[in-house]
Amino acid sequence: MGGLAVLVSGTGSILQAIIDYPIKVELVLADRDCLAADIAYNAGIWTGHVYRKDFDPIESNRIKFSAEILNYIREHDCDVVAMAGFMTVLSHNFFEGFHGITLNTHPSLLPKYKGKNAVRNALLRGEKITGCTIHVVTLAVDSGRILGQSRVRIRKDDTVESLHERIKAKECILYPKIIKHVLNSY
Ligand code: GRF
C-alpha cells in the first residue's frame, strides 16, 4: 500500500472525509493558512506549508513552488498525491519528477466547466444536472483520465453556495473510495 499526501487550500471538508474513511494520510501540504491545515495538524498528521505568497508572482515562480512541493513529497516517500481543494496549478517539473499518481476532485461533470468557477458557471448556464469528477492530474488543467463521477441535480432556488455544498457532499463520498482503491494498487 502506497503513502498518501494531500494538498489543500480551503476549509478541509474533503480532507476530513479522507481521514474519516479512514485512510492514513502521511503528509498534508497547504499553500496558505487555512482550516484544512488546522484539521490536518489537529489529526496528528505531518502538516507543512509551501506559501504561495512566498512565490509571488506565481506565474514566474511556479517551477520553484512545484519543486518545493515535490521535495516534501519525496522526503515523506509518498506515491499517491490527492489534491483536495488545492488552488495552485503545478508545473511540468512536478509531473516529470514525481513517479507516482496525482488525483484531484473537481466540482463539475468534466469535461464541462473546467477551471475555478465551475459551480458558478454550471448554474449560470442553466444546467439541470452537474456534479463532481475524480480524475488523474496532468499538466493540462482538469483534463486527465476520469476515474469517477457523481451527479447532482440543480434546484431552481440554488445559489453557488448551496449547490457547492451538495456537490461537496458527493465528493466526500466518492473521492475517499477512489483514493483507497488507488492506494491499494501501489
Ligand atoms: C471542492 O469542491 C473541490 O472540488 C474544490 O474545492 C472544494 C474543496 O473544499 N476544488 P474543502 O476545502 O475540502 O472544504
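The values are calculated or read from the model by the stated rules, or taken from the named source; none is laboratory data. Remember, it's a predicted structure, so these values are computed and weren't measured experimentally. As a convention, Cβ positions derive from the backbone with ideal geometry for all residues, glycine included, and neighbour counts pool all protein chains shown.
With respect to being in a loop (DSSP other than H, G, I, E, B), of a type outside the set (K, R) and without any contact (Cβ under 8 Å) to a residue 60 or more places away in the chain, A140 fits the description. Among the residues of the range 124-132, not a single one is in contact (Cβ under 8 Å) with a residue 12 or more places away in the chain and part of a helix (DSSP H, G or I). Scanning the range 88-140 for residues that are polar (S, T, N, Q) and within 12 Å of the ligand (Cβ to nearest atom) gives T88, N104, T105, S108, N117, T130, T133.
Among the residues of the range 146-164, those that are charged (D, E, K, R) and either away from the ligand (no atom under 12 Å from the Cβ) or surrounded by 14 or more Cβ atoms within 10 Å (Cβ to Cβ) (or both) comprise R151, R153, R155, K156, D157, D158. Among residues that are surrounded by fewer than 20 Cβ atoms within 10 Å (Cβ to Cβ), within 13 Å of the ligand (Cβ to nearest atom) and either within 22 Å of R32 (Cα to Cα) or at pLDDT 95 or above (or both), S143 is not included. Applying a threshold of 6 Å to beta carbon distances and a minimum spacing of six or more residues, or different chains, the list of pairs starting in the range 24-48 at a residue that is in contact (Cβ under 8 Å) with a residue 40 or more places away in the chain and within 15 Å of H76 (Cβ to Cβ) and ending at one that is within 12 Å of the ligand (Cβ to nearest atom) and not small (G, A, S) reads L29/L7. When restricted to residues that are part of a loop (DSSP other than H, G, I, E, B), at pLDDT 95 or above, out of contact with any strand residue (DSSP E or B) (no Cβ under 8 Å at 6 or more places or on another chain) and more than 8 Å from the ligand (Cβ to nearest atom), the range 1-37 contains 2. Being among the charged types (D, E, K, R) and over 27 Å from S185 (Cβ atoms) holds for only one residue in D20, D38, D79, and it is D38.
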